[in-house]
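The structure appears below as structure tokens.
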Amino acid sequence: SLDAGTFTTKPPKRDWLIKTKADEGVFPVGRVGLLNAEGGAGKTMALVQLALAVATGSTWLDAFTVPQAGRVLMILGEEDMSEVQRRLYNAGQAIPSLDTKAALARIVALPLQGVPCAMVESDDRHNIQETAFLSWLKAKLKEEGEPWRLIIVDPLSRFAGLDAEKDNAAATRFIQAVESIATDTGAALLVAHHTNKNARGAGAEASTGAARGSSALTDGVRWACFLGVETL
């Protein structure tokens, strides 16, 4: 509850997952973000590079710094372990002097190709509820180890349930589900999502309307990013 210190004590500084090279905070820890891109634009590779940057305390995309290294969980709905290894290898090749010891110690991959992994679902009365998978995931995140710094969920379509992209209530419930993970762990949680048709191709502009499906997905997150393909 509020007390006299609310207006007299300076609040704690916000904890940022990444910052610009000018030391401006970009993505707050403990919050949910959305990375939007069209299929094949490289969003999963960008996320793997972010995982390496956070795990090792290096830079991301040569544009953002990582003020504090930490443990990373990559929850990948479309990949198997061999594909995860290929992605980590290729991403590592792009990082000079990669601290592979730190990367191996801090990155946990959860490849779920072919596994039903929706976090929310509708019951017989169309009430949206958490799934057994989400309960299992929350229990796994509580296992002993270094605190989680970043949790990647890729892609949204595998985890948000059948109605999230067409129903605002279902989309909001999914956002609440991933918010609960961020709150429980204190980690930044970044969800990968596809853009709509109007935001694809050369010359597409980044906007809050770029995400595919329900507007509640973009409206519900704290941070949204658009990854585009530049054609020269």
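Go ahead and set up a Gaussian network model of the chain, Cα springs under 10 Å, then flag whichever of S58, S180, S122 fluctuates most.
S122
Rounded to the nearest 500 deg cm²/dmol, what is the calculated helix-only ellipticity per residue at 222 nm for the chain, with -39500 (n - 2.57) per DSSP H run of length n ≥ 4?
-9000 deg cm²/dmol
Using label points projected 7 Å from each Cα along Cα→Cβ, tell me how many nm separate E83 and D184, to one decimal.
2.6 nm
So how far apart, in nm, are the two label points at D62 and W136 if each is 7 Å from Cα heading toward Cβ?
For the pair D62/W136, the computed spacing is 4.1 nm.
Express in whole angstrom the spacing between the alpha-carbon centres of segment 1-50 and segment 120-155.
Spelled out, the Cα-based centre of one part sits 21 Å from the other.
For segment 1-149, what are the per-bin percents of Cα-Cα distances with bins 5 Å wide, up to the bin holding the maximum?
Result, from short to long distances: 2, 8, 14, 17, 18, 15, 10, 7, 5, 3, 1, 0 percent.
In the Gaussian network model of the chain, springs joining C-alpha atoms below 10 Å, which of L134, L47, L156 carries the largest mean-square fluctuation?
L134
Can you check what the net charge comes to around E130, using other residues whose Cβ is under 10 Å from the Cβ of E130 (Lys, Arg +1; Asp, Glu -1)?
Numbers: positive: K138, R173; negative: E121.
Net local charge, E130 excluded: +1.
Pick from F159, F174, F133: which is most flexible by mean-square fluctuation in a GNM of the chain where alpha carbon atoms under 10 Å apart are linked?
Taking springs between Cα atoms under 10 Å, the residue moving most is F133.
Full extension from A169 to A102: what is 0.36 nm times the residue separation minus their Cα-Cα distance, to one decimal in nm?
Details: separation 67, 0.36 × 67 = 24.12 nm, distance 4.04 nm.
Result: 20.1 nm gained on full extension.
Suppose all protein chains stay in the model; what accessible area per residue would a 1.4 Å probe give for the chain, in Å²? All intermediate terms of the calculation are to be shown ahead of the outcome.
Values: 12410 Å² over 232 residues.
About 54 Å² of surface per residue is accessible.
Below 8 Å, C-alpha to C-alpha, sequence gap of six or more: please give me the relative contact order for the chain in percent. Could the numbers behind the result be given before it?
On the way: 447 pairs, mean separation 63.2, N = 232.
Relative contact order comes out at 27 percent.
Might you work out the accessible area of E165 for me, using a 1.4 Å probe with all protein chains in place, and round it to the nearest 10 Å²?
Roll a 1.4 Å probe over it and E165 shows about 50 Å².
Ignoring ligands, DNA and RNA, what percent of the 1.4 Å accessible area of segment 96-179 is carbon and sulfur?
Numbers: 2370 of 4800 Å².
Using a 1.4 Å probe with all protein chains present, segment 96-179 comes out at 49 percent carbon and sulfur.
For each pair in K21/K101; K21/K138; K43/K138; K21/K166; K10/K101, compute the distance between the two Cα atoms and list the pairs where it is over 30 Å. Each step should come with its number before you reach the end.
On the way: K21/K101 25 Å; K21/K138 34 Å; K43/K138 25 Å; K21/K166 38 Å; K10/K101 39 Å.
Going by Cα-Cα distance, K21/K138; K21/K166; K10/K101 fall outside the 30 Å limit.
What percent do you get for the relative contact order of segment 1-138 when only Cα pairs under 8 Å and 6+ apart count? Intermediate values should be presented prior to the final figure.
Values: 169 pairs, mean separation 25.6, N = 138.
Reported relative contact order: 19 percent.
The values are calculated or read from the model by the stated rules, or taken from the named source; none is laboratory data. Small disclaimer: the values here were computed from a predicted structure and weren't measured. Cβ atoms come from the backbone with ideal geometry, glycine included; neighbour counts cover every protein chain shown. Side chains are part of the model used for accessible areas, which takes the heavy atoms of the whole protein and leaves out ligands, DNA and RNA. Shrake-Rupley method; radii C 1.70, N 1.55, O 1.52, S 1.80 Å.
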